[in-house]
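Take a look at the structure below.
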Amino acid sequence: MDRHQRGFTLIELIVVIVILGILAATALPRFINIQSDARIAAVQGIAGGLRGAVALVQAKWQVQGGSGVALVNMADGTTVAVNSANGFPTAAQAGIGNAMSDCVAGAGACQGNTAVFAATSTFTPPGGGATCQATYTAATAAVTAVTGGC
C-alpha cells in the first residue's frame, strides 16, 4: 500500500506563525490607540462633571431665592459665584472652579486636569491640547467636549 500523508511540514507552520507575528506587531498599534481613547473618555468625563455642577449650582440658586443672588452656598460649605440674573456659575475660579470641587488654575490642579479660567473656561486632560478639552461658557452655561485632536 502506498500511503501519502497530507499536511504541512513543521517548517511551513513556523513560517506562517512568524509572518502572523510580524503582521500583528505592525498592524495592531494602528487599531488600538489606548491613550487617545483614554483622553477622549477623560474629556467626556470632565464635560459631564461640568454639566452636573452647573445644574446643581443653578438648582441651589433657585432654592436660595433666584434672581439677585450672586453667591450660592453648596451643601459642603463651598461658596460658588454665580450670575445673579440666571444662576449660571461664573467662568472664574470662584464660580465654575468652586462648583467643580475647588478646582484651581494650573496644570494638574483640577482633578489631574489643567484648568484655565476665562470668559470660556477650559479643562484639559494630561496630553490634551486645544483640540482635546472640555469648555464652559459662563454666558450661556454651554459645556462642550472637543475631542477631535485627542
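Values quoted throughout were computed directly from the atomic coordinates according to the rules given, and no laboratory measurement underlies them. Everything numeric here is computed off the predicted structure, so don't read it as measured data. Counting neighbours? That spans all protein chains shown, and the Cβs are built from the backbone with ideal geometry, glycine included.
Which of these, 140, 131, 114, has the largest mean-square fluctuation under a Gaussian network model of the chain (Cα springs below 10 Å)? With Cα springs under 10 Å in the chain, the top fluctuation among 140, 131, 114 is at 140. Using only the alpha-carbon atoms, how far is helix 34-63 inclined from the longest principal axis of the chain? Give it as 0 to 90 degrees, nearest 10. Around 20 degrees separate the two axes.
Residue separation of residue 131 and residue 85 scaled by 0.36 nm, minus their Cα-Cα distance, works out to 13.4 nm of gained length.
Taking R0 as 25 Å, what's the FRET efficiency between residue 36 and residue 144 from their Cβ-Cβ distance, rounded to 0.05? Before the final figure, lay out each step's value.
Numbers: r = 19 Å, r/R0 = 0.75.
The calculated FRET efficiency here is 0.85.
The alpha-carbon atoms of the chain, seen along their principal axes, cover 102, 29, 25 angstrom, with the largest extent given first.
Based on Cα contacts under 8 Å between residues 6+ apart, the chain shows a relative contact order of 19 percent.
Segment 49-71 and segment 92-108 have their alpha-carbon centroids 16 Å apart.
Expected output is a single nm value to one decimal: the length gained when fully extending between residue 119 and residue 27, i.e. 0.36 nm times separation in residues minus the C-alpha distance. What is it?
Values: separation 92, 0.36 × 92 = 33.12 nm, distance 4.37 nm.
That works out to 28.8 nm of additional length.
Modelled spin-label separation between residue 4 and residue 17, with each label point placed 7 Å from Cα along the Cα-to-Cβ direction: 2.7 nm.
Comparing 108, 68, 21 in a Gaussian network model of the chain where C-alpha atoms under 10 Å apart are linked, the largest mean-square fluctuation is found at 21.
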